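Quick notes on the structure that follows.
Just so it is clear, none of the values below were taken in a lab; they were calculated from the coordinates. Predicted, not measured: the structure shown is a model, and the values here were computed from it. All Cβ positions, glycine included, derive from the backbone under ideal geometry; neighbour counts span all protein chains shown.
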């Protein structure tokens, strides 16, 4: 059966480092027969979470219904339907950028947290999907991995959606030139990861 692979792009720049790498993973997966789709978070209508916790009161394994009428339900339905998620976002001020954080805060709907309980419980008890995490920063990659929270944030997000991270790509030193280029090594890894998602 064909694998469904969804790319979620939190970058503001179409054609930039994040978009290019997510697209390479998807294209490689498509070459091996996967059905691919891509979402640009900046193009969606995503309201800010108000912390009302209405979505966390509903019982069940599926994500809870939010009070906002926006694009999140459609996005999360695509996430549920996918066999794998490729999630990419850049580092801004030591963590993922604002549009990605806004999306992530809305993932509280994947938690069951009734009033009176001491803490939330994830609705997804098992990781039935695979995930690839992609990020970039102005710092060297090794420092970015150590001193920013981007990969950790992306990892938590996909786990809430029931996905197990199987690979990460971190590109550093992207602010040296006005137009950053994607290193050949990162592109090769993206291609290999795409093949693996489609066939594994």
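The table below lists the values:
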item	result
Test: residue in region 136-149 that is closer than 29 Å to residue 50 by Cβ, crowded, with 22+ Cβ neighbours inside 10 Å and touching a helix residue (DSSP H, G or I) at 6+ places or on another chain (Cβ under 7 Å)	no
Tally of residues being under 25 Å from residue 193 (Cβ atoms) and free of Cβ contacts under 8 Å to residues at least 60 places away in the same chain across region 30-49	9
Residues (touching a strand residue (DSSP E or B) at 6+ places or on another chain (Cβ under 9 Å), in contact (Cβ under 8 Å) with a residue 24 or more places away in the chain, over 19 Å from residue 194 (Cα atoms) and in a helix (DSSP H, G or I)) located in region 125-172	141, 142, 144, 145, 150, 153, 157, 159, 160
Test: residue 77 is assigned to a helix (DSSP H, G or I) and within 30 Å of residue 142 (Cα to Cα)	no
Criterion: more than 14 Å from the chain's Cα centre (by Cα), part of a helix (DSSP H, G or I) and either closer than 25 Å to residue 197 by Cα or free of Cβ contacts under 8 Å to residues at least 60 places away in the same chain (or both) - qualifying residue of 109, 52	109
